[in-house]
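One structure below.
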Amino acid sequence: MRKSVYVMCVAWVLAAAAPGPALELRSPAVEAAAAVLAARPHAEDEVWRDLSRRGLPLVEDHPDDPSLKRVTFAFKGHENITGVRLDSVVNAPYVRGEVSDYVRDFTLPLTPLGDTQIWTLTLDVQRDVAATYSFLIELTTGPRRMADMENPRRLRGVAAETVLMLAPREVDPAIRPVPFMQRQPANALALDSEALGRTVLLQHHAVRNPPAGAPVVVIWDAFLWGVRAPAWEIVQNLVDQGRMPAAHVVLIDQLDPESADQRYQDQSDFIGQELQPFLAEKGMTGPLTLAGASRRGLAATLAALDNPAQVDAAISMSGSFYWSPQAEAPEWLARTLEPATDSAPRFILNAGSLEYVVTSTNQGHVMQSANHNMTEALSAAGYDAVYREFSGGHDTAGWRGALASSLDALFEDVETASALAD
């Protein structure tokens, strides 16, 4: 099949960014802080201590809608800061019009409390959302991206984004970190690929000593699923909870950007002609599930369609089904499906509840509708296809929960999964 790189280019021109939509929401805590500063303008440090003591971001009940929470993001700057903007998928309800310049059109400005360097922004957010966020800081010396140092919830790895998790007690336990003493290093593998014209670096985790014929889950993007949100931990938690059998997890290093020019056929060839035989030689002969997020979800779906004899299922998180080759109309794949065969793979397509923003890239074919349309097209062609929606947007915080719930749904329970493996 083909390759793609998931890159988000942010134009660091915050000073020129439009102010964004008018945001009049205020939290009681922020109003109290503003009142203190109005009475005592030099109480900035005291006010900040009081705000941060409550835990940031501030999360308060919505006055009218129990499906929402009122969330205040806060940042303490210094005299060299001239602007602060919030970068997060939770901005989606406040976007006006098409997003053609990401910083200008999608990120939202924080405003200072009085003449202080306490910057705040209050938004109404879905009560069960999971989303990453960061602050875009404009300094006199140049721009900088920063995590929220007051919030300990992070993705994994160096310089990881902060996570907003409004209903932690309702989070799928499969995404919780595995205790340190249970963590095991990956088995590094390398496969010289003619289809891709390079050596593909793989990471293999044998989760809970999988027996012969155990499922094999192959996921694109070793950084995302090996560092930021370790997929093997998700699988191990699912196994320990009796939601799927012991399995092999194999991470592909990346999705090659040049693959789009080949309609991702090189990726399909790599999976069916090279990777599956390579894994089988190493004893990984069980049912094969492909998975990926964004453009990688598209690649997983295409590879499954092209290799029905080798691939049993595909899981896509926010798959880029709006994509089309040059000179083709958007949502090309949904229009070009062949009828399903008796050995056709299953498909689980996920999109986020906040993935409805029109961009210059999707040209109005937003993730929600494109994924829904793709699911309907698959079903009409005779495939077993399911559309699922998670609370969140186009980011890792939502994708990890979608992967866990999709694997759970795919295998249903250990008994069913064992029967499938047999």
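The values are calculated or read from the model by the stated rules, or taken from the named source; none is laboratory data. Note that the structure is a prediction, hence the values are computed from the model and not measured. Cβ atoms come from the backbone with ideal geometry, glycine included; neighbour counts cover every protein chain shown. All accessible areas refer to the heavy atoms of the entire protein, side chains included, with ligands and DNA or RNA removed. Shrake-Rupley method; radii C 1.70, N 1.55, O 1.52, S 1.80 Å.
Quick look at the values:
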| read-out | value |
| --- | --- |
| Span from the the range 121-138 Cα centroid across to the the range 152-194 one, whole angstrom | 20 |
| nm² value of the averaged projected area, convex hull over the Cα atoms of the range 199-279 | 5.9 |
| Fully extended contour minus Cα-Cα distance, from residue 189 to residue 227, at 0.36 nm per residue | 12.0 nm |
| Cut-off 18 Å (backbone N to label point 7 Å along Cα→Cβ of residue 39), residues of the range 49-90 | 49-51 |
| Diffusion coefficient, µm² s⁻¹, Stokes-Einstein with Kirkwood Rh over alpha-carbon pairs of the range 135-260 at 10 °C and 1.306 mPa s | 94 |
| Dipole moment magnitude, nearest 20 debye, the chain about Cα centre, only Lys, Arg, Asp, Glu C-beta charged | 940 |
| Enclosed volume per residue, in Å³, of the convex hull spanned by Cα atoms of the range 119-169 | 97 |
| Length-normalised contact order for the range 212-358 - Cα pairs under 8 Å, 6+ apart - percent | 23 |
| Computed FRET value (nearest 0.05) for residue 209 with residue 389, which takes r as the C-beta separation and R₀ as 41 Å | 0.75 |
| Linear extension gain, residue 79 paired with residue 341, 0.36 nm per residue minus alpha-carbon span | 87.8 nm |
| Length-normalised contact order of the range 48-174 in % [C-alpha pairs under 8 Å, at least 6 apart] | 26 |
| Ratio Rg/Rh [Cα only; Rh per Kirkwood] for the chain | 1.00 |
| D_trans [Stokes-Einstein, Kirkwood Rh over alpha-carbon pairs] for the range 46-126, 10 °C, 1.306 mPa s, µm² s⁻¹ | 114 |
| Cβ-derived FRET efficiency at R0 56 Å, residue 181 paired with residue 144, nearest 0.05 | 0.95 |
| Among 84, 298, 406 - extreme Cα towards positive end, dipole of the chain, charges at beta-carbon | 84 |
| Rounded FRET efficiency, nearest 0.05, which uses the C-beta distance separating residue 412 from residue 281 and R0 of 30 Å | 0.50 |
| Cα-centre dipole for the range 290-388 with unit charges at Cβ (Lys and Arg positive, Asp and Glu negative), debye to 20 | 280 |
| 5 Å-binned pair-distance histogram of the range 167-220 (Cα, whole percent) | 4, 12, 16, 20, 18, 13, 9, 5, 2, 0 |
| Dipole of the chain, positive direction: furthest Cα of 102, 260, 337, with charges on the beta-carbon | 102 |
| Accessible area expressed per residue, the range 288-343, with surrounding protein chains retained (probe 1.4 Å, Å²) | 34 |
| Kirkwood hydrodynamic radius over Cα pairs of the range 300-388, then Stokes diffusion coefficient at 10 °C and 1.306 mPa s, in µm²/s | 121 |
| Kirkwood Rh in Å, taken over all unlike Cα pairs in the range 286-329 | 10.7 |
| Gain in span if fully extended, residue 328 to residue 49, counting 0.36 nm per residue against the direct Cα distance | 94.8 nm |
| Simple spin-label estimate for residue 309 and residue 361 in nanometres, 7 Å along Cα-Cβ | 3.6 |
